[in-house]
Each structure stands twice: as C-alpha cells, then as structure tokens.
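First the structure, in the form of structure tokens, and then the observations on it.
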Amino acid sequence: MVALSAVAGVLATVMVTPAIALTGIAASNTIGIFDSLPEYIEINELPGRNALYAQKTANPEDGYQQIATVFAQNREEVAFDQINDFVKNATLAGEDRRFYEHNGVDVQSVVRAAVGNVVSGGIESGASTLTMQLVKNICIQEALNTEDVDREAALAGVADCQVSSLERKLNEAKLAINLEKEFTKDEILLGYLNIAGFGGNTYGIQAAAQEYFSVNAIDLTLPQAASLIAIVQQPGARSLKTPENFAANQERRDVILGNMLAYEMITQEEYDAAVAIPVDESFVLPQPPRNGCIAANDYARFFCDYVVRNVANFESLGPDAESRLAAWKTGGIDVYTTINMSLQQVAYDAVLRYAPANETRLQLGAVAVSVEPGTGRILTMTQNKLFDNSQTPPGPEYTAVNFNTDRAYGGSSGFQPGSTYKMFTLLEWLNQGRGLREVVDASTFQYRFSAFTDSCNGVDPSQTFKFGNDEGAAGSMDPIQATRRSVNSAFVSMATQLDLCEIRNRAADLGVHRADGGELQTNPSSVLGTNEIAPLSMAAAYAGIANGGQYCEPIMVDRFVSREGEELPGQAPKCDQGIDPEVAAAASFAMGSTMVDGGTAVASNPFDGTPIIGKTGTTDQSKDTWVITSTTEFATAVWVGNIVGDARIRQYQNPEGFWGGELRHRIMREILGAANAQYGGAAFPEPPARLVRGSGIELPNLIGQSPSQARAILEGLGLRYGEGGTIDSGQPQGTVAATSPSPGAVVGRGLIVRVQLSNGNLGTVPDVTSAGYDEAQARAALQGAGFSNIATSCVPINGGPDPAREGIVESQNPAAGTSTSRSTLITLGVASERCGSGGGGGNGGGNGGGSPTPTPDPGDGD
C-alpha cells in the first residue's frame, strides 16, 4: 500500500502539474493528501424493482398475480453468467481495455492523460479505469439514496461525485486500489454493469436490455451490446430514449466495435455485419413502460398508488418512516396485497359501465371500495376515472386523484355522506339505552339551535336549523321505520335528545374522520351527513357495525418477501371494540330493514339469501348519492356524484338510459352478487330486548280526557302536547278521541303527542231489525241514537200476501253495531207485497226493486 501510495503520489503530480502551478500545492504534499483520503468503499445493495401482487380470489390457495412493478431506479441486478460476452467485451473495449491487467489505477492511461492535461492547462482527462468509474457510480448512488430526505443535498452530492478536481481523482484512485483488494475482477465488472446509468431512470445492463431491445442481457446481439455500452459515458446525449440521440449513439457504438475488432474480441465478419446495422427506429425495440402505477394492471392502478403512498407506514420495512422509504428505494421487495383481483375486476367493470369516464355533461365521479369485517383488509378499490399521474394526462377521463381515500394518500377532500351518516345517531341513541321501538317525532322541520346539546363546541342559540325530508313522512315513527325510509325529521328529533358531540364520538369510534384531516364537525346539520369523508372510511365503519361493533383499520398488505427471499409480516389487523356488541346488533337489525321491500336500499340487494345490512344517502340537490352495505364478511361503499360542480345526479341519465339515482344500486348489486358467491355471510345477531323497547315512556290512554287534562298528563311525563284537530268520534264532543302515537306505544321524552278531539259525530248504529220494528219504530230508534239521514228500500214478499211481514223492517245498512258518523245514510229494507207496482217487479228490478229512496225526516226543512 505504501508503495502504491508513493506511485500514486508521483502519478498525481504528473497529472495535475498545471493545477499545482495555479494553486501553489507542493508536489511533495501529494502523498500526504493521498494517505489522508478514505481507504474503503463497498459495493452495497443497488436499488432494484419492487413487485406488487394481488390475490386472485377469496381463497389464497388460488394463487396471486403480479399487478405492478415499482422502483426508484429501473434496475434488475443479474449474475455474471446472465450477461453475454458481447457486453463484457464491449465494456472493456469502450471503457478500460487493460482492466484485467491493472490494480485499479492504469499507469499508462494516467501518463497519457497527464500529457493531455499539461497541454490543456487543466484537468480535462482523468484516465478513469472501470474500477474508478465503479467508485464514482457508487458515490452517485449513495448521494441519490438521500433524495427522499433532502433532494437538494442529494443533487449537490451527485455533482460532487462528478466534479473535475484533484481531490476527487485521488479519492477515486485510492478507493479503486482498495476495491481491487476486496473483490475479484469479475465481481468489479459485474458491479459496474449493474450500477451504470443508461439514460433517465434506467440503471444496469439488464434493465437497459429490456427497455431498449425487449430482451434480457444474456440475449443481446453484438450491435445491441455495443450500442448500450455507447450510452454510459454520456447517457443524456446517447441514450436510445429519443431518436435525436440515435446518430451520436451509432457514432460511439462503431468506435467500440472498431476497438473490439482491433483487440481481436470479434472477427472481421462480425464487425462488418454489426456496423452495417443503423441505429434507427427499426433497430431500437423499446418495451412498454413497466415502472410505477401508471404502468400497473389496468384494474388496480389506483390501489397500486395507494400502496406506494403508504410505504412509510409499513412497519416490517424498518423501525421508522425514513428507513422504510430507504428500504423501498433499495427495492427488490415483493408485496403481497389484500386486493381480490376477481372482485376488483367486477367492481371496476360495473363502475365504468354505469358511470363512464368520458362523460362530458358533468364531472361525474363514482367509487366502489370494499373491506373485510374483522381484519380491515381492503378487497376492492375502484373508481370511474383512469389513473395517470403524469404532468400532462391525455384527457379529462384521466386523473391521479384517488376518490376512495384521504387527501394525504392521494385522495380528494372527501364527499358528504348524506344519510349514510345517520347511523352514528342511531348508534348513540342505542348507546344511551334508547330503543328501536321508541316512537319519535317526525313532523318538525326546524329547530332552534338551543334545542340541541353539543358538549364539544356548544351551540349558538340565536340560529335556527331548517331542513326537509326526501319524501313525505308520518307525524311520528320509531327508529326502525326512520332507518328503513331514511327520514331526516325523525333522526334530527332523535339528535335533539342526544349530545351532538357523542354522535361524533360514535363515528370516530368506528374510524370515521374527515378526508382533509380536519376535525369532524358537530353542528346540527352534521346529523344529516355534511362532513366530507372518504368512501374507504365509511366502508370500514360499516364493516365495524357488521363485525359486532369491532372496528378494524383498513390495511392493504398481507406479507412481504425481501430481496434476500425472507418472508416478512404484512400489516397486522389493528382492531378495537369501538361499539358495544349489543348496540351493534340492534343497529344491524334496523339497517337490515333498508335492504328489503319498502327500504331505500332494496335495489342494491341481489336476493341470493345472504343477510345484508345497509343504508343509502343523498345530499342536497342530489349532488352526491351513496349506498353502503355489509354482510358479516364483506363491506362496500359505493358513491356516485359530482367530482366538482352541483349537477343533480337524479336528473342525469347515463348512455344506457339509466337514471342517476339508480346507478349506485346497479353497481352495488353486481358487486354483492359476486362477493356473496365467494365469501357468503352469516346471520346477524338478534337485538337484545332492552334495546328494542328502550328506556322510553309508555304512552297512557288519554281517550275521553279533556284537552287540559291530557296536556297536564303529557307534560308531567316529559312529553309535549300537540293539537291534531277534530275527528268523528263517539266520545263526548271536545274530549280526546285519539292520539298519535296510540296508547301503549313506547315514546321518547320530548315527543310531541298529537291529540285529536271528538266532534261528537260518531255513533253506533242500533239494531232495528231483530225486534220486528215497523218503519216508524225503526226511524224512532235511529233518530234516538242521533242518526237522522234515513232512507228506505222495498223488500218484496214472495209467495203471496203475508200480513205478518207487511211493513216490517227486515234489513239495515250499515249493519247494527257499526261505528260511523251520525251523518251517514242509513238504509232500511221494508217488506211489502207492492214492491213491483211501479213496474219493476217484486225482485228489485225497475224503479222500485230495492232502490233506496231517501225520505227526509220531518223538520229538516222544505
């Protein structure tokens, strides 16, 4: 080493004589400079390709398929015997023909370069050997490895590795000498061919062979090999990425071929054949882009992007975010994801069919994302736009924004979930011990803010919250009815009896958060779903309800395989019992009612026998439409709405003629049909009796009470008295005739009980046929009961005169015992042998046969 240092010092003096003259460095100092430089450098792991795999079906035994190749540098390291001799000889002929003769520094080349430097008066030629070039490339690579941490520092480091200076050349020489001591010549040549840059993001001979000629390094022809080695000195000017470089590449290629001939590496015939092939479009056979999610499987590009954006969170790749990103950049990692490719294809095709990417009448967006209850594994992630993260996407049907996810992971700022958010009010209602059969008011459409409680942020009592229902609703109903029909007024009424802060907390317990990273709002309108939330968050929340209240964070990786072949764990499920299991069971019972006849989500049900819970949502003016469903095995959120803008989705008709309001259901039904066939689903648990009845008040029987008495009773129970008008009733006029809800119903405190008063006009029709009354007696009996609107009809006596039946009332309509208004027409059937005298016959035909003829009572007017 001492001898080599002395030689190197002398050689360096010869090389840099002009520089010494300019800087005043004494020649005798060069050996000291050399000795002070670092002695060791290692050929470390080089950045390689990461591969993403998807599960083919729900069954892992069916295998995986690769969906993407992602790398910081396009490189695939190969062994020495995977590179053919054309490449190796072209490298020696073009870069260092005495490589196998020197010990890292080529003395002859140094002297030749020194002469050139003396003539030029500067350091223009460095006589770099392959080993010294490898040292320089390792230096560049180590600088690039810090790019994710500090890009400016990394670029400055790359520049330092290439600067023409005495110190750098001496540093390369010393490290090259030591590198030759640690590695064989073949190992150094292989290291050089695996690390060298071949233009742009392409590194290493294997990646270059694949990119420019669509073959492996072992299969390169002589002109192809020489053309690739022609790139390494000036990748920007000679790479084969652009036709503008073809002429410069061919010129350098032919020099290398000439050297190979001169050094007897190839024959004259081989040389002649090679130089006769021009470097042009027919010579270059590029492979389609392979790197990144833009080149991933068409069905999985947005999911690929989501995985890549989460690398810093993958604990198996390192102890902290910085080390994980470094491991990913080094590459060579196989990532086995959670995605179910067979269902991904179904979801993708359904979304694109019903919400086409090229729609121009509005900025139409659509999403379908699914997670597995109990694990949080993401099973599908699709949307109706095509992925393109280039600076200039080819058209409006492309985007890099992932509508499924939070903004921090490539997503948008989320969408208002509308009525799908009502489930968190239902959960808090049940959490407070209230019941599914407790009746609530659904008739009020504006509340002062003072009617609400918000322990988080308080309320402004001066404001008023006004809203409407999507369709008409009864005056009162229970939460099951409210959920099935998605009645805004019922859920807002429930919210006035709860704490808005706790409703928000129930949502947070199931992982719900704003997509923009802000705090969930707790104002009264939030009950109806005004927070912007990512569809993935909503799908995971519903999966938590279906999983007995246990929420699991969404995860995307089952396992990793390192570049050394070691299997590493993926993302372990992170689950928490966010909601009491009995509360979840009761909520599921109500949510199941939406999926059957009369429910708002029935159109999403494939009716294949699998139990399903769900909820729909539509925001103001139908800007956003949702349906979220879950079985015990598979939860899915489908959103169809405006990416930007306020077009009414319900008024949109897609190219197939389907109206916008049904698109979510058609997408969901196709996904559920395919998912249920693979995953199935168990029955949901029955709700506990305590959460069916709840802790409400049993409404007493107020019938017959005066209005003041009824009001006092209701207010004493914490209920509110509401006037319901008057109705026909047999109760004394002005007393309570009916209530809504009915007596015996379990109601919540604060409910408005609608009280209807009697107008006294309802009576029970007396029996006027059994006692053998004649017409006068029957009329008297009816009038005595308050019925004055009386008519008669003739009942023929067949078989001849019968004095015993003549004039007797034999029928009445309505029948005896009927409760009806006292103004109702009562028709009496009076027996007579003269029924046919009017020409109609005795069987009720003609004018007389059974036709009632009203006879006004005396005193009813003229």
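At a glance:
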item: Alpha-carbon centroid distance for the pair the range 182-250 / the range 257-303, whole angstrom; result: 8
item: Distant-in-sequence amide H partners of T726 (H built 1.01 Å from N, under 5 Å); result: L757
item: Of the trypsin sites (Lys or Arg not before Pro) in the range 713-807, those whose Cβ has at most 14 other Cβ within 10 Å and which sit in DSSP loop; result: R749
item: The chain: calculated mean residue ellipticity at 222 nm from DSSP helix runs of at least 4, using -39500 (n - 2.57); result: -10000 deg cm²/dmol
item: Residue-by-residue Karplus 3J(HN,Hα) for the range 338-346, coefficients 6.51, -1.76, 1.60, Hz, glycine and proline x; result: 8, 5, 9, 5, 5, 6, 4, 5, 4
item: Exposed-loop-free span, longest in the chain, where chymotrypsin sites (Phe, Trp or Tyr not before Pro) count as exposed if DSSP calls them loop and at most 11 other C-beta atoms lie within 10 Å; result: 101-862
item: Estimated FRET transfer efficiency when R0 is 30 angstrom, pair R151-C575 (beta carbons, to 0.05); result: 0.20
item: Residue-by-residue Karplus 3J(HN,Hα) for the range 648-657, coefficients 6.51, -1.76, 1.60, Hz, glycine and proline x; result: 7, 4, 5, 8, 7, 10, 6, x, 8, x
item: Prolate/oblate/rounded label for the range 269-392 (Cα gyration tensor, a/c 1.5); result: oblate
item: With every protein chain in place, the chain: carbon and sulfur % of accessible area (1.4 Å); result: 49
item: Computed FRET value (nearest 0.05) for Q391 with K56, which takes r as the C-beta separation and R₀ as 22 Å; result: 0.05
item: Per residue solvent-accessible surface (Å²) - the chain, probe of 1.4 Å; result: 41
item: Inter-centroid distance (Cα atoms) of the range 128-142 relative to the range 623-648, Å; result: 54
item: Simple spin-label estimate for E715 and I703 in nanometres, 7 Å along Cα-Cβ; result: 2.6
item: Option label - Rg and Dmax of the Cα atoms in Å computed here, alternatives (1) 36.9, 136; (2) 35.7, 127; (3) 43.6, 158; result: (3)
item: For E244, solvent-accessible area (1.4 Å; no DNA, RNA or ligand), Å²; result: 150
item: ³J(HN,Hα), Karplus 6.51/-1.76/1.60, whole Hz, each residue of the range 406-421, x for Gly, Pro; result: 5, 4, 5, 10, x, x, 7, 8, x, 9, 5, x, x, 5, 5, 7
item: Exceeding the 25 Å Cα-Cα cut-off - candidates K136/K181; K466/K623; K56/K385; K185/K329; K385/K422; K422/K623; result: K185/K329; K385/K422
item: S811 long-range amide H proximity, modeled H, under 5 Å; result: G829
item: Cβ-derived FRET efficiency at R0 56 Å, Q653 paired with Q268, nearest 0.05; result: 0.15
item: Cα gyration tensor category, rounded, prolate or oblate, for the range 263-318 with a/c compared to 1.5; result: oblate
item: Amide H contacts of R377 (H built 1.01 Å from N, under 5 Å, at least 5 apart or other chain); result: E372, I555
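The values are calculated or read from the model by the stated rules, or taken from the named source; none is laboratory data. The shown structure was predicted, so the numbers you read here are calculated from the model rather than taken from an experiment. Quick reminder, even Gly has a Cβ in these numbers, built from the backbone with ideal geometry, and neighbours come from all protein chains shown. With ligands, DNA and RNA removed, areas are computed over all heavy atoms of the protein, side chains included. Shrake-Rupley method; radii C 1.70, N 1.55, O 1.52, S 1.80 Å.
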